[in-house]
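Heads up, the thing below is written out as structure tokens.
The values are calculated or read from the model by the stated rules, or taken from the named source; none is laboratory data. Computed from a prediction, not measured in an experiment: that's the story for all the values here. We place every Cβ from the backbone using ideal geometry, glycine too, and count neighbours over all the protein chains shown.
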Amino acid sequence: MDKWHRIQKYKNQENVNRGSDLKTFDPVEKLSILAISFAFLLPGCGDRNSGSQNKPDSTGNATISVVSDSVPGIDSIEYSDTVALEANEYMRFDKEIFKVKVGKKIVLILKNTSSPKPEMSMSHNLVILAKGTDIADFADAVKNAKSENYLPASVESLVIAHTKTLSGGETDQKEFVLPTKGTYDFICSFPGHWGTMQGKIVAK
Ligand SMILES: [Cu+2]
């Protein structure tokens, strides 16, 4: 086992340990976290990511792919002028679907509700991606860009709007406009968070 795989194995074990420490979780949620932890491990075993950890992978080579524009249940959701979300210590957003008008100014608000105590705080941000951006590729391209708050200049063209990366207790607010009809994904780009922290904004 090379160094990179040992690190991935260690990280995965850490995730598993963290999951079992979350005593307030119900079993179903705990299981889903375990499943996600293992899901993260799998791509690391493929050819694409094999090699040493020093291999540069923040090249910004996130890709645009063709995606379906329909989201189940979207017709029963009201239009909103704000996309207001809370991000918590369990690596979750409190909402996952929004519907807005194309071309209208929308207020984006993110509150990080994890503990403000530095040892318990979990960092989060919110990034609205250009239509059709491959989330996994995007997350891969930004994961090492700590000094740029996990949004390096190389992915600028794939980002519609984003908040700051927030510590526990902090809030940030921005404005954005979705330029064309369709479905836009949003994620937290902090490393390892996108699997559970993502949702969709439908612009009509
Ligand atoms: Cu996060």
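Side notes on the structure shown:
- Checking F138 against (1) within 16 Å of the ligand (Cβ to nearest atom); (2) in a loop (DSSP other than H, G, I, E, B), the condition it does not meet: (2)
- Positions within the range 176-193 being surrounded by fewer than 23 Cβ atoms within 10 Å (Cβ to Cβ), within 15 Å of the ligand (Cβ to nearest atom) and part of a loop (DSSP other than H, G, I, E, B), in sequence order: P191, G192, H193
- Per the conditions (1) at pLDDT 95 or above; (2) among the small types (G, A, S); (3) surrounded by fewer than 17 Cβ atoms within 10 Å (Cβ to Cβ), the sole criterion not satisfied by S65 is (1).
- Residue count for the range 194-204 satisfying the condition of being more than 9 Å from the ligand (Cβ to nearest atom), surrounded by fewer than 18 Cβ atoms within 10 Å (Cβ to Cβ) and not in a strand (DSSP E or B): 1.
- Strands (runs of 3 or more DSSP E) lying entirely in the range 76-131 (those with 3 or more residues that are out of contact with any Leu (no Cβ under 8 Å at 6 or more places or on another chain)): 97-100
- Residue match in the range 102-110 (condition: modelled with pLDDT of 95 or more, closer than 24 Å to T180 by Cβ and under 15 Å from the mean Cα position of the chain (by Cα)): yes
- Residue check for D172: surrounded by fewer than 16 Cβ atoms within 10 Å (Cβ to Cβ), more than 17 Å from A203 (Cα to Cα) and within 14 Å of the ligand (Cβ to nearest atom): no
- All of V155, V127 fail the test of being modelled with pLDDT of 95 or more and away from the ligand (no atom under 16 Å from the Cβ), apart from V155.
- Some residue of the range 124-131 being in contact with a helix residue (DSSP H, G or I) (Cβ under 8 Å, 6 or more places away or on another chain), in contact (Cβ under 8 Å) with a residue 60 or more places away in the chain and surrounded by fewer than 16 Cβ atoms within 10 Å (Cβ to Cβ): no
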